[in-house]
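This report refers to the structure that appears directly beneath it.
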Amino acid sequence: MTSTNAVHLYRAHLSTIKARADQALAKAGFDHLVVASGVEKYEFLDDRPYPFKPNAQFKAWLPLTRHPHCWIAYTPGRKPVLAYYQPDDYWHVPPAAPEGAWVDEFDIRVISDPAEAARHLPASGRVAILGEADAALPGFEPNNPKVVLDYLHYHRAYKTAYELDRMRAAQRRAVPGHLAARQAFLDGASEAQVHAAYLAAAGHTDLDLPYTNIVCLNQNGATLHYQFKELQAPAESRSLLIDAGAEVDGYASDITRTWARHDGAFAELVAAVEAEQQTLCHGVRVGTDYRDLHLECHLRLGGVLRNLGIVDMDPGDMLASGVTSTFFPHGLGHPIGLQVHDVAGFSDEDGQLIPRPDGHPYLRMTRTLAPGMVVTIEPGLYFIPTLLSKLKATPQAKAVDWGKVEALLPFGGVRIEDEVHCTESEPENLTRDAFAALA
């Protein structure tokens with residue numbers, strides 16, 4: 001990303017990041033901001049490192065995602081300093097010389113030893129140091145001031161034009177993976193083979209995905225964060241639920257699709273959930289309380305359950321009695337950006353909690369939507385044995401067609417997830433736009 005437009009977008013983005021830092025420092029009474037990228041972490045009693053994941057507050061300044069032991073030092077009104085770690089290493093490939101749209105915006109100091117970074121950090125004044133404890137250097141132990149973090153986290157919800165550009169690119173990277181995964185499923189592949197097809201098409205490895213892909217055939221789709229990938233294909237491959245993303249310059253995409261092999265009750269369920277999902281995506285509007293959109297989702301999914309004859313109850317009664325939560329036990333979605341589940345989804349800029357609705361403990365977003373926010377919209381309906389057994393013990397059990405539930409159990413569940421950008425007018429569906437571009 002080195003075109004003239006890219007440079008313009010990045011400079012405007014950095015200007016916003018610096019302005020936010022200025023405000024956070026002033027609010028908390030600090031003179032300088034120091035941000036550590038982080039360090040490589042090793043497995044216990046071993047010399048194997050875990051995949052390096054940088055501090056998200058570091059990534060907010062510049063797109064360095066494979067760079068441990070780097071530090072940013074910023075003083076309001078001055079050019080930020082970057083201590084750029086570039087070891088002389090023949091065991092591993094060291095970072096290349098600094099390049100990209102961001103280079104001219106930093107005073108870059110190349111270091112070959114992590115300890116050298118301390119020489120390039122502020123020598124006096126009150127310093128807010130953001131990072132994990134193990135990133136500490138002598139005299140520079142991360143203090144992570146709550147006032148600073150709360151402010152920066154809150155404002156990260158409002159994406160700059162540069163960030164939106166990178167997030168659209170992350171969508172475009174993920175979509176070929178989803179199309180390849182669907183084809184592999186139709187060809188009779190195992191979960192592991194579907195996953196491999198996704199990786200190849202998205203140009204990722206397991207180590208650089210923004211999160212571990214969820215690849216579920218058949219009843220495995222009823223486990224919300226299913227963590228395995230069976231090597232053997234099932235005798236009958238009925239359904240695929242795949243929740244898989246991609247990353248570009250530190251920005252994540254998060255897309256879920258569900259596919260049925262044959263027409264029938266499960267395919268009808270998928271189509272019905274998708275229709276409601278699209279209506280909810282259109283509800284990402286300025287001034288909408290995300291909690292209200294979540295509760296609307298429950299009502300809409302209750303309507304699906306009633307219309308398909310699975311539960312014979314009024315959707316409002318299903319919501320009030322917790323029946324919809326049996327079939328839809330998670331939240332409508334979450335903020336996304338530098339992190340898949342981006343921070344400050346349920347707090348104000350002072351870190352004060354914006355409560356979830358009673359009975360909805362897993363909702364990850366309670367803020368009111370505003371221009372620049374990007375959220376996921378991911379309704380689902382699942383047939384989860386442990387939750388269904390609890391429902392059977394309630395008075396509402398008599399409203400359930402348990403024969404239809406038993407018939408749908410082998411398919412696991414449905415989830416459809418898009419990322420939607422709240423604008424001053426019509427919402428921008430980043431995911432559907434990316435799919436349309438490849439149609």
request  = Report, to the nearest 10°, how far helix 146-155 tilts away from the longest principal axis of the Cα atoms in the chain, using its own Cα long axis and a range of 0 to 90°.
outcome  = 60 degrees
ask   = For region 40-80, what is the charge dipole size about the Cα centre, in debye to the nearest 20, if Lys and Arg each add +1 at the Cβ and Asp and Glu each add -1 at the Cβ?
value = 360 debye
Accessible carbon and sulfur surface of the chain relative to its total accessible area, %, 1.4 Å = 53 percent
Cα-centre dipole for the chain with unit charges at Cβ (Lys and Arg positive, Asp and Glu negative), debye to 20 = 380 debye
key: Rounded if a/c under 1.5, otherwise prolate or oblate - region 314-439, Cα gyration tensor axes   = oblate
query = If Y42, Y158, Y362 are ordered by their accessible area, calculated over protein heavy atoms with a 1.4 Å probe, which sequence runs from highest to lowest?
reply = Y362, Y42, Y158
query = With each run of n ≥ 4 DSSP H residues scored as -39500 (n - 2.57), what mean residue ellipticity at 222 nm is computed for the chain after dividing by its residue count and rounding to the nearest 500 deg cm²/dmol?
reply = -10500 deg cm²/dmol
message = If each residue of separation counts as 0.36 nm, what is the full-extension length gain between D104 and L45 once their alpha-carbon separation is subtracted?
response = 17.1 nm
ask   = How many angstrom lie between the C-alpha centres of region 116-180 and region 215-291?
value = 29 Å
remark   = On the formula 1/(1 + (r/R0)^6), with r taken between the Cβ atoms of A123 and S347 and R0 of 30 Å, the FRET efficiency rounded to 0.05 is 0.30
query = How much length is gained on full extension from D22 to T368, taking 0.36 nm per residue of separation minus their Cα-Cα distance?
reply = 122.1 nm
message = So with the 1.4 Å probe, I'd like the accessible area per residue for the chain, rounded to whole Å².
response = 44 Å²
message = Run the numbers for D292 and A320: contour at 0.36 nm per residue of separation, minus the present Cα-Cα distance, in nm.
response = 8.7 nm
request  = Compute the Cα gyration tensor for region 168-300, then decide on rounded, prolate or oblate, letting a ≥ b ≥ c be the square roots of its eigenvalues: rounded whenever a/c is under 1.5, prolate when a/b is larger than b/c in the other cases, and oblate in all that remain.
outcome  = oblate
ask   = With θ set to phi - 60° and the Karplus curve 6.51 cos²θ - 1.76 cosθ + 1.60, what are the ³J(HN,Hα) couplings of region 118-125 in order, to the nearest whole Hz, using x for Gly and Pro?
value = 4, 5, 10, 9, x, 8, 8, x
key: Top positive-direction residue, dipole computed over the chain with Cβ charges, set P210, Y84, M167   = M167
Rounded, prolate or oblate (a/c below 1.5 giving rounded, otherwise prolate when a/b exceeds b/c) for region 1-101 by Cα gyration tensor = oblate
key: Residue-count net charge about R168 - beta-carbon cut-off 11 Å; Lys, Arg +1, Asp, Glu -1   = -1
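The values are calculated or read from the model by the stated rules, or taken from the named source; none is laboratory data. All of these numbers come straight from a predicted model, not from anything done at the bench. Quick reminder, even Gly has a Cβ in these numbers, built from the backbone with ideal geometry, and neighbours come from all protein chains shown. Surface areas here come from the heavy atoms of the whole protein model, side chains and all, with no ligands, DNA or RNA. Shrake-Rupley method; radii C 1.70, N 1.55, O 1.52, S 1.80 Å.
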